[in-house]
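Worksheet: one structure, shown below.
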Amino acid sequence: MKFYLSLIFLISFSISETYSWEDGGTVLGSYGNLANVLNVGETNGVTPYDGDYMLTVSEDPVDGTPQAFIAWVTDISAGDEIEACFYGYDTTAGSSPSMRVWGSWSSNDDINSYAGSADGNEEYTDGSGWDQVCHTFSTSQANWEEGEALVVQARLYSSSSSSEAVQYYIDLVEINTTSTTATINFPGAQDPVTGPIANAGEDQSVDAGSLVTLDGSGSYHTEGDDIVEYFWEQVSGPPVLISDEESMTTTFTAPSETSSLSFDLSIYDAAGNESSDTVTINVVASAGNLTISQIQGESDSSPYVDQFVTTVGLVTAANNNGFYLQDCEGAWCGIWVLDFGEANASVGDEIEVTGQVEEYFNLTEIKIMSSIGGSSNILSSNNELYNPIVISSVSEEFESVLVKAAGTCTELPNEYGEWSLSGITIDDYLYDGFTPMLNSDYTITGPLNYAYSLFRINPRSASDIEDGILNLSDITNFSLIETYPNPFNPSLNIQFEISEIGLAQISVFDINGNNLETIFNDYVEPNQLNLLKWDASSYSSGHYIVQLNFNSQIVSKKVTLLK
């Protein structure tokens, strides 16, 4: 019986219509700071979801919640239901910018006459690329009155911290209604334009410092008249010198930093009629091949923000949004890579990535999506991972590094899946199949994430959650000494931790076993991270052994000096 009732509901719509901007239309109206409303084909690497064209709009300036009116359902009656859906392009999972369906009531003959909110869906576009959002509106809502129509809106939600216009893409609107009298109105074809038509060329991505050509040769006149004047003007981005502002085709040298520049092309015919078009030039500054610790800058913020970098490491954890990458065993060795699944990376893969460095709310990440010029290449698979670093407190140098912590559950999971392990936050971002018991002891392994001003360990599976507190001596893979970067020149960072108070000695040997120097020889406290630096400026390039000697236990690390 439940199936039969569900079937009746599914086929109860009397009218169904779709629209996907193939006729040149844009919007029926708008509210708020909606700007740059255009009917476009493939733009900035975004391909229309359905057909050859889509709607693009911007929020400029970023303030409030702008709305694009994408459908208008008139002639509706009491008891009618209207399901409205559209596809929005969104690559920012769990955060702004994003979109959702919303509605308002209007008079039946004026789309701009606001008569109250019709509410909307609670789900936003999910950040996976093209995503459909839907909501079912009802004239049974208390504030609907006879004679009112429904305005279907695409609502835009930008980050309040954004200072530049945010561009959105919308396609394939679908309206289904139980009404037998409704009229579904979509944006119609625009009036044909006559006279000069400016064409500033396709948007470009260029290397920093390169010579860039602005090409207005695609401009034309609908009536075959001559275009008598061209004029280029820079409207945004770092100032550059245009070689000839009054030429159909001109050039400039791209800035040295990653940036975005926009140029307006205005053209005129003999009668003084004008047309304008805008082209955007995205400049990419590449810092080349770097280690992860170099990208991290061994500080709170990367020195390479907005620049493109290339690095290689092992994937230590992954989900649909991205993966954690690590290239050594120690501090500053890990980083989060955002790709929305494009790289198809798995744990244990050795992968080379190229992308843009960003500080996402103080989390250092590399964005490698192809839409911004990023790339990846899996070099090998099923590699053995680096050993987790045992920590007793969280800190910046272990951001995105595989770590292990032990303690007691002092707070049960909140609504976000976060719980406390002796003051260290654990959450279910990668694995949500476990619920801890209050006052029970656990040892947790996983990459150390940073989000919403809080460090937290992300266990990857059930095997990362162990009952009880393991002593350092019980963790057979615990590495007492870490060295980074490796290779290095000329300064090497050394960190070590021991399980009990005692005399620790750190020495450096050449590859033949000759003791070159002892750089530390002192008593140390247990379970505390000790940091040293070895200055190898007086030594030649080659392999060296850094050795920790503690209570007759010897742990060694092979390092490479490259000058």
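Looking across the stretch 82-112 at every residue that is out of contact with any Gly (no Cβ under 8 Å at 6 or more places or on another chain) and aromatic (F, W, Y), the one that is farthest from D131 (Cα to Cα) is identified as F86. Once the stretch 460-474 is narrowed to residues that are at pLDDT 80 or above and outside any loop (DSSP other than H, G, I, E, B), the residue that is farthest from the chain's Cα centre (by Cα) is D467. In the stretch 344-378, the qualifying residues are those that are β-branched (V, I, T) and assigned to a strand (DSSP E or B), and the one that is nearest to S299 (Cα to Cα) is T364.
Residues in the stretch 101-117: is at least one within 24 Å of V46 (Cα to Cα), under 22 Å from the mean Cα position of the chain (by Cα) and not aromatic (F, W, Y)? Taking every residue of the stretch 101-117 in turn, none turns out to be within 24 Å of V46 (Cα to Cα), under 22 Å from the mean Cα position of the chain (by Cα) and not aromatic (F, W, Y). Among residues of the stretch 475-512 being among the small types (G, A, S) and at pLDDT 75 or above, the one that is farthest from N530 (Cα to Cα) is S491. Checked against the criterion of being at pLDDT 90 or above, surrounded by 13 or more Cβ atoms within 10 Å (Cβ to Cβ), more than 20 Å from S140 (Cβ to Cβ) and not assigned by TED's automatic domain parsing to the domain that holds L338, the candidates D23, D90 yield just one match: D90. Residues that are under 28 Å from S138 (Cα atoms) and either surrounded by fewer than 19 Cβ atoms within 10 Å (Cβ to Cβ) or aliphatic (A, V, I, L, M) (or both): does the stretch 40-52 have at least one? Looking for residues that are under 28 Å from S138 (Cα atoms) and either surrounded by fewer than 19 Cβ atoms within 10 Å (Cβ to Cβ) or aliphatic (A, V, I, L, M) (or both), one finds at least one in the stretch 40-52, hence yes. Comparison of S256, S219, S266 shows that the only residue that is exposed (fewer than 13 other Cβ atoms within 10 Å of the Cβ), touching a residue at least 40 places away in the same chain (Cβ under 8 Å) and of a type outside the set (F, W, Y) is S256. Restricting the stretch 165-186 to residues that are touching a strand residue (DSSP E or B) at 6+ places or on another chain (Cβ under 7 Å) and outside any strand (DSSP E or B) leaves a set whose member that is surrounded by the fewest Cβ atoms within 10 Å (Cβ to Cβ) is A165. Does at least one position in the stretch 121-128 carry a residue that is among the charged types (D, E, K, R) and assigned to a strand (DSSP E or B)? No: the stretch 121-128 contains no residue that is among the charged types (D, E, K, R) and assigned to a strand (DSSP E or B).
A search for C-beta distances below 7 Å between a residue of the stretch 166-185 that is more than 23 Å from L38 (Cβ to Cβ) and in contact (Cβ under 8 Å) with a residue 60 or more places away in the chain and any residue that is outside any strand (DSSP E or B) and acidic (D, E), counting only pairs 6+ apart in sequence or on different chains, returns T177/D80; T178/D80; S179/D80; T181/D75; A182/D75; A182/D80; T183/D75.
Screening A331 against (1) buried (at least 20 other Cβ atoms within 10 Å of the Cβ); (2) modelled with pLDDT of 90 or more; (3) not in a strand (DSSP E or B) leaves a single unmet condition, (2). For the stretch 410-429, the tally of residues that are over 14 Å from S392 (Cα atoms) and buried (at least 19 other Cβ atoms within 10 Å of the Cβ) stands at 3.
Of all the numbered requirements in (1) at pLDDT 90 or above; (2) out of contact with any Phe, Trp or Tyr (no Cβ under 9 Å at 6 or more places or on another chain); (3) part of a strand (DSSP E or B), G79 misses one, and that requirement is (3).
Counting only residues that are surrounded by 17 or more Cβ atoms within 10 Å (Cβ to Cβ) and free of Cβ contacts under 8 Å to residues at least 60 places away in the same chain, the stretch 375-390 holds 1 of them.
Listed by first and then second residue, the pairs linking a residue in the stretch 540-563 that is at pLDDT 85 or above and of a type in the set (V, I, T) to a residue that is part of a loop (DSSP other than H, G, I, E, B) and surrounded by 11 or more Cβ atoms within 10 Å (Cβ to Cβ), with Cβ atoms under 7 Å apart and 6 or more places separating them unless they lie on different chains, are V559/N486; T560/N486; T560/P487. Scanning the stretch 334-348 for residues that are farther than 22 Å from V559 by Cα and in contact with a Leu (Cβ under 7 Å, 6 or more places away or on another chain), we see that the one that is surrounded by the most Cβ atoms within 10 Å (Cβ to Cβ) is V337. Restricting attention to the stretch 223-242, the residues that are outside any strand (DSSP E or B) and under 28 Å from G195 (Cβ atoms) total 5.
The sole residue among S262, S266, S275, S302 that is more than 18 Å from V337 (Cβ to Cβ) and in contact with an Asp or Glu (Cβ under 7 Å, 6 or more places away or on another chain) is S266. Note on the stretch 371-419: among residues that are among the acidic types (D, E) and more than 29 Å from E482 (Cα to Cα), the one that is nearest to the chain's Cα centre (by Cα) is E418. Quick one: is P61 surrounded by fewer than 21 Cβ atoms within 10 Å (Cβ to Cβ) and not hydrophobic (A, V, I, L, M, F, W, C)? Spelling it out, P61 is indeed surrounded by fewer than 21 Cβ atoms within 10 Å (Cβ to Cβ) and not hydrophobic (A, V, I, L, M, F, W, C).
Are any of the residues in the stretch 190-205 surrounded by 14 or more Cβ atoms within 10 Å (Cβ to Cβ), at pLDDT below 95, assigned to a strand (DSSP E or B) and under 32 Å from the mean Cα position of the chain (by Cα)? Yes, there is a match, as at least one residue in the stretch 190-205 is surrounded by 14 or more Cβ atoms within 10 Å (Cβ to Cβ), at pLDDT below 95, assigned to a strand (DSSP E or B) and under 32 Å from the mean Cα position of the chain (by Cα).
The values are calculated or read from the model by the stated rules, or taken from the named source; none is laboratory data. On a predicted model such as this, the values are computed, not experimentally measured, just so you know. Glycine gets a Cβ as well: all are built from the backbone with ideal geometry, and neighbour counts include every protein chain shown.
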